[in-house]
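Just below is one structure, and these are the notes that go with it.
Each value in this text was obtained by applying a stated rule to the coordinates, not by laboratory testing. Please read these numbers as outputs of a predicted model, since none were measured by experiment. Quick reminder, even Gly has a Cβ in these numbers, built from the backbone with ideal geometry, and neighbours come from all protein chains shown.
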Amino acid sequence: MFKKYLIVFLVSMIPLIELRGAVPIGLSEAFGSALPILPLYITCIIGNMLPVPIIFFFARKVLEWGADKKFIGKFFTFCLEKGEKGGKKLQEKAGRRFICSIISFCRYSSSWYRCMDWNSCSKLFRYGF
């Protein structure tokens with residue numbers, strides 16, 4: 001029984017398969033009997049979430065380590081550059097989206113007419129927000 005849960009746990013850690021493959025494997029009769037659905041689902045979710053902090057904290061370090069290696073250096077350098085470019089785009093857009101969400105929230109509140117005029121969003125973008 002522990003072996004079945006371990007297999008389902010490991011399958012749920014594979015990026016392309018995840019829960020879509022692990023749950024049907026656990027429910028199938030391929031192991032002899034189907035596993036109970038609630039413990040199976042909890043096992044799959046824990047297995048799916050376990051690699052996330054490891055990837056979050058160590059992916060950049062691994063990419064920086066491999067950037068100067070002979071065979072994998074080009075790919076790792078490409079991943080670093082693409083990630084940095086995407087991060088810069090996200091930082092540029094994040095402030096604007098936050099300001100626009102606040103403005104749109106104020107627009108539909110009762111105090112909109114008292115505190116802002118209709119051109120406030122365009123005025124904010126003129127000043128670099």
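If the chain linking Phe31 and Lys88 were pulled fully straight, counting 0.36 nm for each residue of separation and taking away their Cα-Cα distance, it would gain 15.7 nm. Among the chymotrypsin sites (Phe, Trp or Tyr not before Pro) found in segment 1-98, those both in a DSSP coil and sparsely packed, with 15 or fewer other Cβ atoms within 10 Å of their Cβ, are Phe71. Partners of Lys69 within straight-line reach, counting aspartates and glutamates whose Cα lies under 19 Å from its Cα and excluding those fewer than 8 residues away in the same chain: Glu81. Once a ≥ b ≥ c are taken as the square roots of the eigenvalues of the Cα gyration tensor of segment 14-99, is the result rounded (a/c under 1.5), prolate (a/b larger than b/c) or oblate (a/b not larger than b/c)? Verdict is oblate for segment 14-99.
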